[in-house]
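Comments concern the structure below.
Since every read-out is calculated from the coordinates, none of them should be taken as a lab result. Note that this is a predicted model, so its numbers are computed, not measured. FYI the Cβ positions are ideal-geometry reconstructions off the backbone, even for glycines, and counts take in every protein chain you see.
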Amino acid sequence: MKLWPAVLLSSVLFYACSQRTPLFTKTNPEETGVQFTNQLQETETENILSFEYFYNGAGVAAGDLNNDGRVDLFFTGNQVGNKLFLNKGDMHFADVTDKAGVGGRVGGWKTGVTLADVNADGWLDIYVCYSGLRPDSLRRNQLLINNKNLTFTDRAAEYGLADSGYSVQANFFDYDLDGDLDCFLINHNLKNYQRKEAAVMRVERDYNAGDKLFRNMTVERRKGGSTATPLFVDVSEQAGIKGNPLGFGLGVSVSDLNNDGYPDVYVSNDFVEDDYLYINQKDGTFRDELRNRIEHTSYSAMGMDVADLNNDSRPDIMTLDMLPESNARQKLLPWPDNWTVYQAQLRNGFWHQNMRNMLQIQQADGQFAELGQLAGVAATDWSWGVLLADFDLDGYKDIFVSNGILRDFTNADFVKFSDQTPGNNVLEQIKQMPTTLTKNYIFRNNQDLTFTNEQKAWGFDESTVSNGCAYADLDNDGDLDLITNNLNEPARLYQNQERETKATHYLTIKLVGTQDNPFGIGATVEVSQNARTQTQERYPTRGYESCSHGDLLVGLGNQPGTVSVMVRWPDGRVQTVKNVNSDQTLTLSYRQATANEPASKTATDAIFSPGSGPDFVHKVDSTSNFDRQILLPTQYSAAGPRLAVSQRNGQKLVFISGNAQQPGQLFQQLTDGSFKALPLPGLTKATTNDALFADLNGDGQPDLYLANGGYGVAEADRRQDQLWLATPTGYVAQLLPAEADNGSCVKALDIDRDGDLDLFVGGGIKPFRFPADDESFLLINDGKAHFARQSLGRLGMLTDAAILDINRDTYPDLVIIGEWMPVTVLLNQKGKLQAGTRKEYTELAGWWNRIQPADLDGDGDLDLVVGNLGLNTFVRATAEQPATLIYDDFDQNGTLDFFMSYLIDGKRYPAYSRDEICEQVPSLRKKFTTYQAYADATIEDCFDEQQLKQAKTREINELRTLVLENKDGTLIPHSLPMIAQVSPVYGILATDFDHNGTTDLLLMGNNSRMRLRIGKVDANHGIVLSNKRNWQFAEIPVDKTGLFVRGDVRDVKQLGKTILMGLCAGKLQAAQLNDQSHKLASKR
Amino acid sequence: MKSIAYWISLPFVALALLTGCQKESTPAEYNAKAADTERYNAALNKLTEVVVHDIFSPPVASRIYAYANLAGYEALTPFDPNYQSLAGKLKRFSDGPQPEAGKQYCFPLASTRAFMTVARALTFSVEFYDEFEKPFYEKYKQDGVPDDVYERSMAYGEAVAKHVLDYAAKDNYKQTRGFKHTVTNAEGTWVPTPPAYMDAAEPQWNKLRCWAMDTCNQFMPTRPLPYNMTAGNPYRKEVDEVYTIGKNLTKEQEATAYFWDDNAFVMNVAGHVMYASKKMTPGGHWMAIAQTVGRQKKLSMMQMVEAYALTSFALTDGFISCWDEKYRSNMVRPETVINKLMDPKWTPFLQTPPFPEYPSGHSVISTAAATVLTNLMGDNIAFTDSTEYKYGHGVRSFKSFRDAANEASISRLYGGIHYRSALDNGQVEGEKVGNWVVQKATTRRKAVAAR
């Protein structure tokens, strides 16, 4: 607590500082001399309707072209000539284009630019890509070889790199680790094909549209091979590079993504084609392993970048898309959110794609979790280039995004209502497309997987159209400046003022590589400072159509001191330099590196090892709940499977809940660990939401209760709960009071303390009637498993309940949770539970899924872990800005209309598009005849006062998964590390995983079937949180847990040493809890 | 001193000022002018414009035409003693407001007013009507309709419109909103089609109250050929026919298909650039054909409105009957089958509309409409249809209504969106619907009919 004033003071100071000077200041082109405008001329024949990529803009490259220690700038122009600006120091540049001869081919359409020392002479060369509606002869890419005197000669044909496809960007790197730089080239097609043709097109190879890999033959030639071959040879086909006509590559990044020492390649593809994640197979070939490693990607992926954002030495990936941030623009521009279309896309063989930026944080070797919505970086409008770099030198890389489109041609009013008739004047038609300029985005890394938008404070409060972007320390002062290539307006040069205004420390690292790779492309540098290690890979092709070829620059924060620097060269040689002073340029030479990496990796025992579970594959039917309630937040029919376990009398049992697709199944675990199916006579194909083992007739045997229901189960008799009593000859079905509620959970408790176990059955969503809820009830036991039903009325859309004696009166109490409701305590009044006396924790109103009691502070009473929706969706709800759900039959047609909305600046905006809301209540189409009319509409604009007064409203203000401390009967919430919020939690296991005497947590979940706009949330692969006491928890990284499970987990249960995980629409997963786990170091 | 004539003339002067300086006309005079068929035509064309702009699906568009024309018709019947209200003749349609005895009315005005009021209520972009209606009603004043008659007629038209809208409110339309068709992906069943993979339109349309028909399945067509892609199987032969014809389309076949496209919403996609081409729905097209031939035959306003009304009932019942079958048989579109099993790149000449294949909607409703129109205006009336011209679809000539309906039907085969039996059986179904409408919705009084 003593820390707080200091932190507060320093943040106030920081704020005051940043108020004075923004981190970046825009420079004046006349003063810097960097005068360049990528000006477009729209003509009858060349325009956005004839050429889809007319507004895609051009690139910028930053690198020292004359080896004078200063970074020069090269801009490409689509129709105008390229420009080269020589850095004269002090942010002054001279235009040397004409003398250098780098203006580009007259009449050519220039796109991406890459700097690389292609001929390995120690001088950077320039590779310029060409595209456009031009003949082949004008589309040949140029390789401008540096003549070492600020003149350049195009020798692309001679080198074998004069490709005439529709090129976007080249990336030079050594894929085969033979020492020389090879070339990966991304191309695009002119036509956007229908996705139905994908299956056939995928096996085709299109010279102009397909991506290409060129192998550099320098080393082979030296070894005595033929010098007759060109220096670069197209090896795409044998190397496994896809070259199909569907390719619309807009970004290509190189990184060792699976930590095996070989560089891998990620290609971000526009439109429907999947991105490619080429994993280097170490034999000169690549394999696209996207689907094995990435859960979902951006839809219209544009630029991308790869770098380690969370300082775990694992590179992370960010891809860009076109989702706008503001409510109004989200509603003006169509946002593909159609379940049917999405399913068609999957059926046509495409991967999960959604229209937003994706931030893939690497979890284990080459395995990623997408958490862009949690990070707050998912929506940056029509975005082109992204740069992951430490702009404020605090030791964590930040995010810059260039964006803007000259004309908003996806404006829904234009698309639907501009009423174009064929044959209209093309330029007139184009002029009807509205223009909206947008601000570039820059995000500060909050060092906890989240980012803060600093557009204002960091000097990007200006609306522009920016495409290519690069960073470099242009004034050699130790911070990174930013350069953007803009469309129809001057290119921008933003000077970083961090070092000018503050005493923040840095280290610049210059790499001197090998004979064939003088700039050390592919080297990895790790800078360690106290407990923090920053990692950078030397791959300069970053941003969109751009290249940042300056020296590596590492931010060291404001703490003085020395750092330790380790470099690993592409061939594995390493060098570590200790006690390096900050604020200087450190030169690292390959010559000083030693052959072998020190053996630092010691195998640690993981917590879990692979286990074997019962053979059970959960299935869900393909019917869509959105057909019945079109605004439903998720597919409630795709529920389960929940699990029930019993370890009574040494007999280990597990019941796996079933549904209409296949009945549940009872298994017994044998002593050898294997599972044997046990018969359960009378078990039907009911949708079982929850199951429970408990001795209900006092014979010491575990009886089995099934809470049946199902959102999509129309027949009342199929929602009847079931009970089996264990007898010496097997399980015998026992009749229960008739009911047809959608029971969501069942718990056993001796409510009246008469010595037998009674049951609580929670009511869930009324089938087909979200957000109406079904009744909850008690089943009072007469001791012989004959039950009398006591209704508790409707308590909310319950999802789970926990039993604990919260007020220590020896009568067990009940804590119930559910969607759109507060954590609620039902106190047992000496044997009676009454809904009227419930205590609602109104500040804990959430989208709750699971609750688990556990003693987390070791004080002898039970605390609670409550699983919520989490923060990795676009849904936001806090005490200040709650989310609301308003519902009624507004149009009086017999169906319940409900609308989720978010509070933004005190106004409630519906969370749906105009089309969706008008489909639910068609009369609204009359109110909102255009998308513009709906763009700023609040719930109050949709309905009149009387309607709103009659309607029911629910409000939620907490979306985080939390732990609740039981303090003398009062529940006190404590937060968990941000990683706990990456997905909805549906499975909680509390036990001492790391054997340090505290109860740790395993959280599992995900939901792949939420409405597309909320998103496929799948970033949880099994999160283990180590309990550090005093309500502090720390993530144990995946390589130390040994647990990595993909998919929607709906329950986690422990049976002896076996951990069972119920996977929705998948095979039941099992893991073995290791006995001798070492005490493990946690991540933080 | 002012003359007595001055005092007498004063109110007239005031009246003349109020009515825009027109001189008072007799009912015979102003009604003769007001009963100009072209006025009603103009109102109908305005409605079509809004239906196109608002992008109503074909069934929904037919419903709008039917209620608007019913209102127009009901408000006009007192004008002509030979015609009668359709109360009791359309399903659950009861007697509406009656004109006040002994009072003067301009029923043609009441009729257009009733039409416009319903049109306004059932469509969305009402600003289109605002600019249209102002000068529109002004014409009736210029015809010399006295103010009180004008007001009374307008009020009567609105009352009839209200009666019709109350009737419309109970047709289950509202109750069928917000549901989608469940795609099962079972072999041979409908799935969303390229390029937009839109949801199936109006899966619950058979729940709408019928117009002249007793039930939605009254004219259920014969069962479609069972899905079976074995070579030589009848179904397979029909798939082959669609494919072969599609591969070898003649210019004439292309022109035919394109002319009858009548797709309310065709999305043109060029990369991220998208824009919609919008056209009249099949229903709107047949309203326009009725107008063309009605004009050619110099129909009176009463006859024209009768033609619109009966044609639109044929269309609505046709759509209900057709949609009932579409979601019963849930037949897969040729594009899906051909892409999956024969030629993944094959694309039909027309964009496949978003609903199951069997039977062909255009075949059902065109034949139903042609049957009604033939009954009203006669067979073998040659006409030239230029109503699609402004949508870029050319001009075509036909020997008769039925000739046009036959071409509309076969055009769907050329367009690659239907199998032949969906056309043939759809036409049989449509003819039954048309004849039933003629038989049930009797507009003319018995005495007239007997004459």
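What lysines could a cross-link reach from A:K652, if we take a straight Cα to Cα line under 26 Å and drop same-chain neighbours fewer than 8 places away?
Cα-Cα hits under 26 Å: A:K619, A:K676, A:K685, A:K747, A:K784, A:K1053, A:K1057, A:K1067.
Taking 2.2 N^0.38 Å as the expected size of a compact globular protein, what ratio does the Cα radius of gyration of the range A:428-547 give against it, to two decimals?
Dividing the Cα radius of gyration by 2.2 N^0.38 Å gives 1.33.
How large is the direction-averaged shadow of the alpha-carbon convex hull of the range B:81-155, in nm²?
Working: hull surface 25.8 nm².
Over all viewing directions, the range B:81-155 projects a mean Cα-hull area of 6.4 nm².
What percentages make up the Cα-Cα pair-distance distribution of the range B:143-212 when the bins are 5 Å wide from 0?
3, 13, 13, 13, 11, 10, 9, 8, 7, 5, 4, 3, 1, 0
How many times 2.2 N^0.38 Å is the alpha carbon radius of gyration of the range A:969-1014?
Compared with the compact-globule rule of thumb, the range A:969-1014 sits at 1.49.
Name the residue from A:N357, A:V527, A:L798 whose Cα lies farthest towards the positive end of the charge dipole of chain A, charges +1 on Cβ of Lys and Arg and -1 on Cβ of Asp and Glu.
A:L798
Kirkwood hydrodynamic radius, computed over distinct alpha-carbon pairs, for the range A:92-170: how many Å, to one decimal? All intermediate terms of the calculation are to be shown ahead of the outcome.
On the way: mean 1/r = 0.0782 Å⁻¹.
Final number for the Kirkwood radius of the range A:92-170 is 12.8 Å.
What dipole magnitude, in Debye to the nearest 20, does the protein assembly as shown give about its Cα centre under +1 on Lys/Arg Cβ and -1 on Asp/Glu Cβ?
In total the dipole reaches around 3840 debye.
Placing unit charges on C-beta atoms (Lys and Arg positive, Asp and Glu negative, everything else neutral), compute the dipole magnitude of the range A:205-343 about its Cα centre in debye, rounded to 20. Walk me through the intermediate numbers first.
Working: 14 positive and 23 negative charges, 107 e Å.
The calculated dipole for the range A:205-343 is roughly 520 debye.
When the gyration tensor of chain A is built from Cα positions, what are the square roots of 5 times its three eigenvalues, in whole Å, from largest to smallest?
54, 33, 28
Take A:T562 and B:M342, extend 7 Å from each Cα along the Cα→Cβ direction, and tell me the distance between the two endpoints in nm.
Going from the A:T562 label point to the B:M342 one covers 7.9 nm.
Can you list the HN-Hα couplings for the range B:51-62, worked out from phi with the Karplus curve (6.51, -1.76, 1.60; θ = phi - 60°), rounded to whole Hz and with x for Gly and Pro?
Karplus-based 3J(HN,Hα) across the range B:51-62 equals 4, 5, 4, 6, 6, 7, 6, x, x, 5, 4, 5 Hz.
Given a Förster distance of 25 angstrom, what is the FRET efficiency for B:E127 paired with B:M267, based on the Cβ-Cβ distance and rounded to 0.05?
Numbers: r = 24 Å, r/R0 = 0.98.
So, using R0 = 25 Å, E works out to roughly 0.55.
When Cβ neighbours within 10 Å are restricted to other protein chains, what is their mean count per residue of peptide B:179-191?
4
So if each residue of separation counts as 0.36 nm, and I subtract the Cα-Cα distance between A:T684 and A:D461, what length gain in nm does that give?
74.0 nm
Quick check: the angle from helix B:127-142's long axis to the longest principal axis of chain B, C-alpha only, nearest 10 degrees?
In chain B, helix B:127-142 runs at an angle near 40 degrees to the longest axis.
Okay, helix-only estimate at 222 nm for chain B: each DSSP H run of n ≥ 4 adds -39500 (n - 2.57), divide by all residues, round to 500 deg cm²/dmol; what do you get?
-17500 deg cm²/dmol
Which whole-number percentage describes the relative contact order of chain A, with Cα contacts under 8 Å and a sequence gap of 6 or more?
On the way: 3032 pairs, mean separation 91.4, N = 1084.
Worked out over chain A, it gives 8 percent.
Bin all alpha-carbon pair distances of the range A:720-798 at 10 Å intervals from 0 and give each bin's fraction as a whole percent.
Pairs per bin, as whole percents: 19, 45, 27, 8, 0.
State, to one decimal in nm, how far the label point of B:E241 lies from the label point of A:L133, with both points 7 Å from Cα in the Cβ direction.
The two pseudo-label positions are separated by 4.2 nm.
Relative to the longest principal Cα axis of chain A, at what angle does helix A:3-20 sit, 0 to 90 degrees, rounded to 10?
Approximately 40 degrees, to the nearest ten.
Go ahead and estimate [θ] at 222 nm for chain A from helices alone: -39,500 (n - 2.57) per DSSP H run with n ≥ 4, summed, over the residue count, rounded to 500.
-2000 deg cm²/dmol
Simple spin-label model, 7 Å along Cα-to-Cβ: B:Q104 to A:Q661 in nm?
Each label point is offset 7 Å from its Cα along the Cβ direction, giving 7.6 nm.
For a distance above 26 Å, tell me the whole-number percent of Cα pairs in the range A:964-1084 that qualify.
Working: 1619 of 7260 pairs.
Tail fraction, whole percent: 22.
With the radius of gyration and the Kirkwood radius both derived from the Cα set of the range B:99-142, what is their ratio Rg to Rh?
Values: Rg = 12.4 Å, Rh = 11.7 Å.
Here Rg/Rh amounts to 1.05.
Quick one: compute a quarter of the convex hull surface over the Cα atoms of the range A:958-1035 and quote it in nm².
Taking the Cα atoms of the range A:958-1035, their convex hull projects to 5.8 nm² on average.
Could you derive backbone 3J(HN,Hα) for the range A:650-666 from the dihedral phi with the Karplus parameters 6.51, -1.76 and 1.60 (θ = phi - 60°), listing whole Hz in sequence and x where the residue is Gly or Pro?
The phi angles translate into x, 9, 9, 10, 9, 10, 10, 5, x, 8, 5, 7, 7, x, x, 8, 9 Hz.
When the Cα atoms of the range A:112-229 are enclosed in a convex hull and the volume is divided per residue, what value in Å³ results?
Details: hull volume 15.0 nm³, N = 118.
Convex hull of Cα atoms, per residue: 127 Å³.
For chain B, just the Cα set please: Rg and Dmax, both in angstrom.
24.1, 105
Please report how many Lys pairs in the range B:351-451 have alpha carbons closer than 24 angstrom, counting only residues at least 8 apart along the chain or sitting on separate chains.
4
Could you give the semi-axes, largest first, of the ellipsoid that matches the range A:786-841, computed as the square roots of 5 times the alpha carbon gyration tensor eigenvalues and rounded to whole Å?
Here the semi-axes work out to 18, 15, 10 Å.
Let me know the mean shielding of A:341-350 by other chains, meaning the per-residue number of their Cβ atoms within 10 Å of its Cβ.
Rounded to a whole number, the mean comes out at 3.
Looking at B:S360, B:T374, B:T384, which one has the Cα that reaches farthest to the positive end of the dipole of the range B:330-436 (charges on Cβ: Lys, Arg +1; Asp, Glu -1)?
Farthest along the dipole direction, towards plus: B:S360.
Suppose a student asked you for the relative contact order of the range A:506-548, using Cα pairs under 8 Å spaced at least 6 residues apart; what percent would you report?
The value is 24 percent.
Given N residues in the range B:302-451, what is its alpha carbon radius of gyration divided by 2.2 N^0.38 Å?
Taking N as the residue count of the range B:302-451, the ratio is 1.16.
What residue among A:V963, A:Y441, A:S418 has its Cα farthest toward the positive end of the dipole of the protein assembly as shown, where the charges are +1 on Lys, Arg and -1 on Asp, Glu, each on the Cβ?
Going by the Cα projections, it comes out as A:S418.
Net charge near B:V273: determine it from the other residues with C-beta under 12 Å of the C-beta of B:V273, scoring Lys and Arg +1 and Asp and Glu -1. Numbers along the way, then the final one.
Numbers: positive: A:R407; negative: A:E52, A:D408.
Spelling it out: positives minus negatives among the neighbours equals -1.
Radius of gyration and Dmax for the range A:789-947's Cα atoms, expressed in Å?
Rg then Dmax for the range A:789-947, in Å: 19.9, 62.
Percent of alpha carbon pairs in the range A:210-358 separated by more than 26 Å?
More than 26 Å apart: 36 percent of the Cα pairs in the range A:210-358.
Which ³J(HN,Hα) values, rounded to whole Hz and listed in residue order, are derived for the range A:340-355 from phi using the Karplus coefficients 6.51, -1.76 and 1.60 in 6.51 cos²θ - 1.76 cosθ + 1.60 with θ = phi - 60°, glycine and proline given as x?
Per-residue couplings from phi come out as 5, 4, 4, 5, 4, 4, 5, 5, 6, x, 9, 8, 4, 9, 9, 7 Hz.
Any of A:K927/B:K134; A:K416/B:K139; A:K439/A:K907; A:K416/A:K952 with alpha carbons more than 30 Å apart? Name them for me.
Among A:K927/B:K134; A:K416/B:K139; A:K439/A:K907; A:K416/A:K952, the Cα-Cα distance tops 30 Å for A:K416/B:K139; A:K416/A:K952.
If you average 1/r over every pair of different alpha-carbon atoms in the range A:914-1017 and take one over that average, what Kirkwood value in Å do you get?
Kirkwood hydrodynamic radius for the range A:914-1017: 18.3 Å.
Over the Cα atoms of the range A:302-433, what radius of gyration and what Dmax do you get, in Å?
18.2, 57
For the range A:526-685, state the average projected area of the convex hull of the C-alpha atoms over all orientations, rounded to one decimal in nm².
Mean projected area for the range A:526-685: 20.3 nm², to one decimal.
Applying 1/(1 + (r/R0)^6) with R0 = 30 Å to the Cβ-Cβ distance of A:N425 and A:K926, what FRET efficiency is obtained, to the nearest 0.05? Please list the in-between numbers first.
Numbers: r = 33 Å, r/R0 = 1.09.
My answer for the efficiency is 0.35.
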